[in-house]
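S.K.: This is the structure I have questions about; it appears just below.
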Amino acid sequence: MNLLVTGGAGFIGSNFVNMVLKEHPEVKVTVLDALTYCGNLDNFPQNVWENKNFSFCQGNILDRDLVFDLMKDQDEVVHFAAFTHIDRSIDLSDPFIDTDFKGTHILLEAIRKYPVRRFVHISTSEVYGSAQKVPMDESHPLNPQSPYAAAKAGADRLVYSYFLTYGLPVVIIRPFNAYGPNQYPEKLIPFFITNTILDKNLLIYGNGKNTRDWTYVKDCVRGIWKVLQAPSIEGEVINLGSGKEVDVVGIAEVILEEFRVQSSEFRVESSKSEELKVKSSKMEFIGDRPGHVKRLIASYDKAENILDWHPEIEFEEGLKRTITWYMDNTEWWEKIREKPEFKNFEKLWYDKLKVKSEKVKV
């Protein structure tokens, strides 16, 4: 099988590619990635680069000629490529509209010309907006609350329209908040973990009571693989989530406890744990994110019924594994945090919200 993975050098994409190449030697994987600020070739270990079934193409899904040329040889497609950070979409939405919506359109047009067995579109739970009912199943109204979420909602519905209009073999996956190894450190959990290692405060929007359904990335990619294997599910929309919610303050508290080695239940076992000296990291409440979603919690009944999928890693265990990974891979994330793309956005964005918070206090 020839499998094209767009955005495969990103967080979920690279975890998916690494899993497929390790567990399914019959699959030939081609990764197409533009290597924007969050695409990272270091997400692929050496054994992946040496694998004869792996090939990498640096390019943009907005490049129509390139996409059409690659699609000639593919049997299946998993489409991860997207700009994903809500904060950045609030600051500048243009690349989100271009990549997330227009790029998806080019891919759909390419498989109209060069048919594939299945096209898996990776959407997001953010298309739902704040929960109007819980748990949130696939029939929950779409009410995107950020430019990122709106661009993904548009792509989500565009993909579905190509199923209805042209009969394309699409399946839409809406993962809830994935976390785990190789996640770009501007996202909440790795941001909190790396800030704690650096002895910096954990910056929390508003009152920190917003909740999310946190799904360990290994569970997420296992579900996506099941989508490729399942028969007769074209046109389906499927949630991948844990069915549980945790608020931001709760996450911060657990991370701080882990690093202070005060909890025997969630103790981190790491080769670098003895080197870690947390001195003064604490929660710091700042202004709220505009359009902030208040609550997300998944129903994964559909995934269980038609894919025989359910999450296996409990949040506490997944968070423990994630903390250990970031402690053991400091070189990976230190390089990212030193880059201007990270440092400049971090300073401008959080300084702005700190000023907003001070004005509210006055």
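Read-outs throughout are calculated quantities, based only on the coordinates presented, and are distinct from any laboratory measurement. Small disclaimer: the values here were computed from a predicted structure and weren't measured. Using ideal geometry, Cβ is built from the backbone for each residue, glycine included, and neighbour counts are taken over all protein chains shown.
S.K.: How big is the charge dipole of the stretch 304-344 about its Cα centre, in debye rounded to the nearest 20, if each Lys and Arg gets +1 on its Cβ and each Asp and Glu gets -1 on its Cβ? Intermediate results must be reported in sequence, preceding the final value.
M.R.: Numbers: 6 positive and 11 negative charges, 86 e Å.
The calculated dipole for the stretch 304-344 is roughly 420 debye.
S.K.: For the pair Lys102 and Asp199, what calculated FRET efficiency results from E = 1/(1 + (r/R0)^6), where r is the Cβ-Cβ distance and R0 = 51 Å, to the nearest 0.05? Kindly include the intermediate steps, with their values, before the conclusion.
M.R.: Values: r = 42 Å, r/R0 = 0.83.
Computed FRET efficiency for Asp199 and Lys102: 0.75.
S.K.: Moving on to the next point. Over the stretch 134-215, what per residue volume does the convex hull of the Cα atoms give, in whole Å³?
M.R.: Details: hull volume 11.4 nm³, N = 82.
Looking at the stretch 134-215, the number lands at 138 Å³ per residue.
S.K.: To the nearest 0.05, what FRET efficiency results for Lys282 and Cys57 with a Förster distance of 30 Å applied to their C-beta separation? If you can, show how the numbers build up before the last one.
M.R.: Details: r = 45 Å, r/R0 = 1.49.
Working from the Cβ atoms, E equals 0.10.
S.K.: Further, regarding this structure: How far, in degrees from 0 to 90, does helix 315-328 lean away from the longest principal axis of the Cα atoms of the chain, to the nearest 10?
M.R.: 80
S.K.: Principal axes first, then extents: for the Cα atoms of the stretch 280-355, list largest minus smallest coordinate on each axis, whole Å, largest first.
M.R.: 47, 35, 27
S.K.: Calculate, for Tyr166 and Gln229, the FRET efficiency according to 1/(1 + (r/R0)^6) with r their C-beta to C-beta distance and R0 30 Å; round to the nearest 0.05.
M.R.: Details: r = 24 Å, r/R0 = 0.78.
About 0.80, to the nearest 0.05.
S.K.: What ³J(HN,Hα) values, in whole Hz, does the Karplus curve 6.51 cos²θ - 1.76 cosθ + 1.60 give for the stretch 162-175 when θ = phi - 60°, with x put for Gly and Pro?
M.R.: Once θ is set to phi - 60°, the couplings for the stretch 162-175 become 6, 5, 5, 7, 10, x, 5, x, 9, 9, 10, 10, 10, x Hz.
S.K.: Quick one: what are the phi-derived ³J(HN,Hα) couplings along the stretch 133-140, Karplus 6.51/-1.76/1.60 with θ = phi - 60°, whole Hz, x for glycine and proline?
M.R.: So the J values, rounded to whole Hz, are 8, 9, x, 8, 9, 5, 8, 4.
S.K.: Among DSSP beta bridges whose residues both lie in the chain, state the antiparallel percentage, nearest 5.
M.R.: Details: 2 of 37 bridges.
So the antiparallel bridges in the chain amount to around 5 percent.
S.K.: Can you check what the Kirkwood hydrodynamic radius comes to for the stretch 1-80, Cα pairs only, in Å to one decimal?
M.R.: Working: mean 1/r = 0.0805 Å⁻¹.
Radius from the Kirkwood sum: 12.4 Å.
S.K.: Could you work out how far helix 11-23 tilts from the main Cα principal axis of the chain, as a 0 to 90 degree angle to the nearest 10?
M.R.: 60
S.K.: What net charge is computed for the residues neighbouring Tyr162, neighbours being all others with C-beta under 12 Å from the C-beta of Tyr162, Lys and Arg scored +1, Asp and Glu -1?
M.R.: Numbers: positive: Arg112, Arg157; negative: Glu109, Asp156, Glu234.
Overall, the nearby charge balance is -1.
S.K.: How are the C-alpha pair distances of the chain spread across 20 Å bins, as whole percents from the shortest bin up?
M.R.: Spelled out bin by bin, the chain gives 29, 60, 10, 0 percent.
S.K.: Ratio of Rg to Rh for the stretch 93-150, alpha carbon only, Kirkwood?
M.R.: 1.07
S.K.: Same structure again: For the stretch 78-233, report the % of Cα-Cα distances exceeding 21 Å. Display every interim value, and only then the final one.
M.R.: Values: 6225 of 12090 pairs.
Of the Cα pairs, 51 percent sit more than 21 Å apart.
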